[in-house]
Amino acid sequence: MNQATAQRRLAAILVADVVGYSRLMEADETGTLAALRVRRKGIVEPIVRENGGRIVKFMGDGVLVEFASAVNALRCALDMQKRMAESNENLADRKRIVLRIGVNLGEVVGEGSDIFGDGVNIAARLEGLSEPGGICISGKVYDEIRGKLDVSAIDMGEVALKNITRPVRAFRITSGITARRLVESREPVDSRPSIGVLPFTNMSGDQEQEYFADGITEDIITELARNRGLFVIARNSSFTFKGSSVDIADVGRKLGVRYVVEGSVRKDGKRVRITAQLIEAVTGSHVWAERYDRDLEDIFAVQDEVTRSIVAAVPGYVESDVVKASRSKPTESLGAYDRYLRGLVITNRWRNDDIPQAIAEFESAVKLDPTFARAHALLGQAHLRVYWQTLAPLALQSANQETELAVRLDGEDSRCLGIRGACLMLNRNFGEASETFQRALQLTPDDADLNDIVAYYLLCSGQASEAIERSLKTIRVSPLFLPGSLRETMGMAFMMTRQYEEAIKSFATISSPYYYIHVYMAGCLAKLGRLDEARAQGRLANELKPDWPSVDWGYQYTGEEYREHERELAHLAMDALVDRP
């Protein structure tokens, strides 16, 4: 580079490219190129001009744009994604042009019309971290736009970027990304190595031992998720493949992961054999495989070895500072661990009739080992579920005792912290709940169950937009299993942000809605002027709870604005029944 012509300057850099460009070209090269030209002329170029940017160059399916202002750069990115989404609305998936966008603020070196340097390189790496249809920005951009643009962001923390010496603080902007679009995406959209762990096969020849194989699998998933350099799919989605013959490439596509772990467990008396293998989903090639024959007393050491071997074998993994040491033994009592695993499998069935049996198993576990933190936490969670059903004060009191003890015994277990946070929230102790959730998220930021309850906390504390973002994170971690609680939270968050159509869509996906969901739907439908449909939903609420009009609507929210809005919707639902009998 000619030093005489090179100029250094501070600039906001936007880098965008097309998701799945090679796939689109393979399917229809002529059509894809024509569509891309139309989008460039009709969307990209005009929006860049409107926001004061300069297109440095088009690069195949990508574009590099320079701005003098970070605010203008992000505004351009938001406008671009909005217009692209509108253009895709009536198109089949195979014809959609979807962008990822990265925005950075940093020093660039200019030579003629081109620019180079770390400022550009970081923007390009951030683009790779973006969700399809989304935007990822650096911490420097976030500092500049905060308070100036009405957007929310998920803090991704310090991210290691390829060929960039120092970690970069990154934020993911979620404006313009709907739950539907995210659920439809099954491509790996995270720069970290992504893994799905299939339920290990029970090879014991005894159906009664199924709980043990399932429990071992869940423990391995939990431990892998503690490594923040990995993206690990949640148990609920992985277990949708249980009992079926699977094609690894198909599993990878459906879960949106690069690697799949599968294995088996054979428990025979006091001996246990565990086999595990790590497979690259696209090629089907085995990256690592091992078999362990040990005494049952060594089960925790085997789990730790399996986890560490998987982590070490994953190409591109960079060990996080958060989790380096081996975990401590959760319990010295194999009997307690056995009872815990039995209770865990019952809990994961999510059937209300099973709760007393789950409580009995966890109570047996903590009786055998009173220091078993996770067993206390799951016992507390079972009591919370009783409270959610019955509102019995004694159930909440028992949950308080167990979750407080669990965190005292192990304050570094995110599952214990997450359940404790839920308990504190139900006690209306929102300040301490927030602190507890933050500690849990620092340990396992991608945990689906944790993000689900945090989304509900954000909603109740008056942060509906943030609740939607958190729910979208849960969907990405668990793409094949969306619990009713998540659908409720998303619907209520859309409701509170006046996105009534989206709220109705979320509520409509709940298979067995409680009475209040029908009331919410009735209120949203009334807001949209669809009174016949609102009346029908009100009648469904009547069938489930005839006295619903006397409910203390809005009680769960901390702020008066949300309370008043829920009361307004409930009154609209009542009016629909009265005015149009």
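The values are calculated or read from the model by the stated rules, or taken from the named source; none is laboratory data. This is a predicted model, so every value here is computed, not measured. FYI the Cβ positions are ideal-geometry reconstructions off the backbone, even for glycines, and counts take in every protein chain you see.
Brief remarks follow.
- Scanning segment 83-97 for residues that are touching a residue at least 12 places away in the same chain (Cβ under 8 Å) and within 15 Å of E131 (Cβ to Cβ) gives M84, A85.
- Among the strands (runs of 3 or more DSSP E) confined to segment 41-157, the ones with at least 2 residues that are under 25 Å from the mean Cα position of the chain (by Cα) and within 30 Å of S471 (Cβ to Cβ) are located at 99-111, 135-138.
- Test set (1) under 25 Å from G139 (Cα atoms); (2) polar (S, T, N, Q); (3) at pLDDT below 90 - S87 fails condition number: (1)
- Within segment 540-578, restricting attention to residues that are of a type in the set (D, E) and not in a helix (DSSP H, G or I), the residue that is farthest from E488 (Cα to Cα) is D547.
- Screening P370, P356 for residues that are over 24 Å from T444 (Cβ atoms) and not in a helix (DSSP H, G or I) leaves exactly one candidate, P370.
- If only residues of segment 498-539 that are of a type in the set (A, V, I, L, M) and outside any helix (DSSP H, G or I) are counted, the one that is surrounded by the most Cβ atoms within 10 Å (Cβ to Cβ) is I510.
- Of the residues contained in segment 468-482, none is found to be under 30 Å from A365 (Cα atoms), surrounded by fewer than 22 Cβ atoms within 10 Å (Cβ to Cβ) and either modelled with pLDDT of 95 or more or more than 13 Å from the chain's Cα centre (by Cα) (or both).
- Count of residues meeting criterion [of a type in the set (A, V, I, L, M, F, W, C) and touching a residue at least 40 places away in the same chain (Cβ under 8 Å)] in segment 347-368: 1
- Going through (1) polar (S, T, N, Q); (2) over 25 Å from the mean Cα position of the chain (by Cα); (3) modelled with pLDDT of 95 or more one by one, T403 falls short only on (2).
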